[in-house]
Amino acid sequence: AQTVTQSQPEMSVQEAETVTLSCTYDTSENNYYLFWYKQPPSRQMILVIRQEAYKQQNATENRFSVNFQKAAKSFSLKISDSQLGDTAMYFCAFMEADSNYQLIWGAGTKLIIKP
Amino acid sequence: ETGVTQTPRHLVMGMTNKKSLKCEQHLGHNAMYWYKQSAKKPLELMFVYNFKEQTENNSVPSRFSPECPNSSHLFLHLHTLQPEDSALYLCASSQDGNIQYFGAGTRLSVL
């Protein structure tokens, strides 16, 4: 069975610093998708970034980028120039391509950006 | 505004009550989902509907009863809940199962 592990329950950094959140997953499949979602105190789960496993190039969205290491089954999220509004829970999620739409979620990392 | 609206935002109910959670999506998606989010645990997928047909039921107790009258609306009917059912219930929608868009959830407390 697929699993997703986020080994950092909580992290805090100063505003403007760079922070990396780790995520590892376990699967025997070759075709899948990986996601990072953000959940601020407002509770709205928001997609941060998405990666297709067949793409070697790491996905990037403005200040957010990933380091996708397929062989190591690692999918870390880097936030550059962190802002107070980045304070949130961050969840890593995995979806097998033929999974009937089922996302497998990690337990989350609480990220606090300090002024 | 993400296009997925959940009501109510908060709900307190007794163990013998019957209540319903509502979700509406304005994104034209074909799939809708119910999740349960408990503290310090991964999100638990409860139900998946694709074109109004239930495609997944992940061993959810019968005291939770979903209803999907059309592709835009999803309900979760609650009956005879237990205190351990207290959680945040999230609704999501997607087109063809890829990127899921979420509502803000209903915070449920069972007394």
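The values are calculated or read from the model by the stated rules, or taken from the named source; none is laboratory data. Since this is a predicted model, take the numbers as computed values, not measurements. Cβ atoms come from the backbone with ideal geometry, glycine included; neighbour counts cover every protein chain shown. Surface accessibility is based on the protein's heavy atoms, side chains included, excluding ligands, DNA and RNA. Shrake-Rupley method; radii C 1.70, N 1.55, O 1.52, S 1.80 Å.
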*Return, for the Cα atoms of region B:39-111, the radius of gyration and Dmax in Å, separated by a comma.*
12.6, 38
_Quick query: amide H of residue A:48 versus all other amide H atoms, modeled in the peptide plane; which residues come in under 5 Å with a sequence gap of 5 or more or a different chain?_
A:36, A:37, A:38
*Separation between the residue B:20 and residue A:46 pseudo-spin-labels, each 7 Å from Cα along Cα→Cβ, expressed in nm?*
3.2
*For residue B:18, which aspartates and glutamates qualify as cross-link partners when the Cα separation must be under 20 Å and same-chain residues fewer than eight apart are set aside?*
B:67, B:84, B:85
*Positive-end extreme of charge dipole, the protein assembly as shown - chosen from B:92, A:14, A:91 (charges on Cβ)*: A:14
*Relative compactness, the protein assembly as shown, computed as alpha-carbon Rg over 2.2 N^0.38 Å*: 1.02
*Let me know the Rg and Dmax you get for region A:45-115 when you use only its Cα atoms, in Å.*
13.2, 44
*Using θ = phi - 60° and the Karplus curve 6.51 cos²θ - 1.76 cosθ + 1.60, what whole-Hz ³J(HN,Hα) does each residue of region B:25-37 get, with Gly and Pro shown as x?*
10, 10, 9, x, 6, 9, 10, 9, 9, 10, 10, 10, 10
*Place +1 on the Cβ of every Lys and Arg and -1 on the Cβ of every Asp and Glu in chain B, take the dipole about the Cα centre, and give the residue among B:80, B:30, B:20 whose Cα lies farthest towards its positive end.*
B:80
_Accessible carbon and sulfur surface of the protein assembly as shown relative to its total accessible area, %, 1.4 Å_ = 48
_Suppose a student asked you for the relative contact order of chain B, using Cα pairs under 8 Å spaced at least 6 residues apart; what percent would you report?_
38
*asked:* Compute for region A:1-81: radius of gyration divided by Kirkwood radius, i.e. Rg/Rh, restricted to C-alpha atoms, rounded to two decimals.
replied: 0.96
_Pairwise FRET efficiency - residue B:77 versus residue B:98, Cβ, R0 = 30 Å, nearest 0.05_ = 0.60
*State in Å² the accessible area per residue of the protein assembly as shown; use a 1.4 Å probe, count heavy atoms of protein chains only, and round to the nearest integer.*
47
*Please identify the trypsin sites (Lys or Arg not before Pro) of region A:42-98 that satisfy two criteria: DSSP loop assignment and at most 11 other Cβ atoms within 10 Å. Which are they?*
A:55
*Debye intensity ratio in log₁₀ form over the Cα atoms of region A:40-83, taken at each q of 0.13, 0.17, 0.22 Å⁻¹*: -0.34, -0.55, -0.81
_Cα→Cβ-extended label distance, 7 Å offset, between residue B:65 and residue B:9, nm_ = 3.0
*asked:* Give me, ordered by chain and number, the residues 5 or more places off residue B:109 or on other chains with an amide H under 5 Å from its own placed amide H.
replied: B:11, B:12, B:13
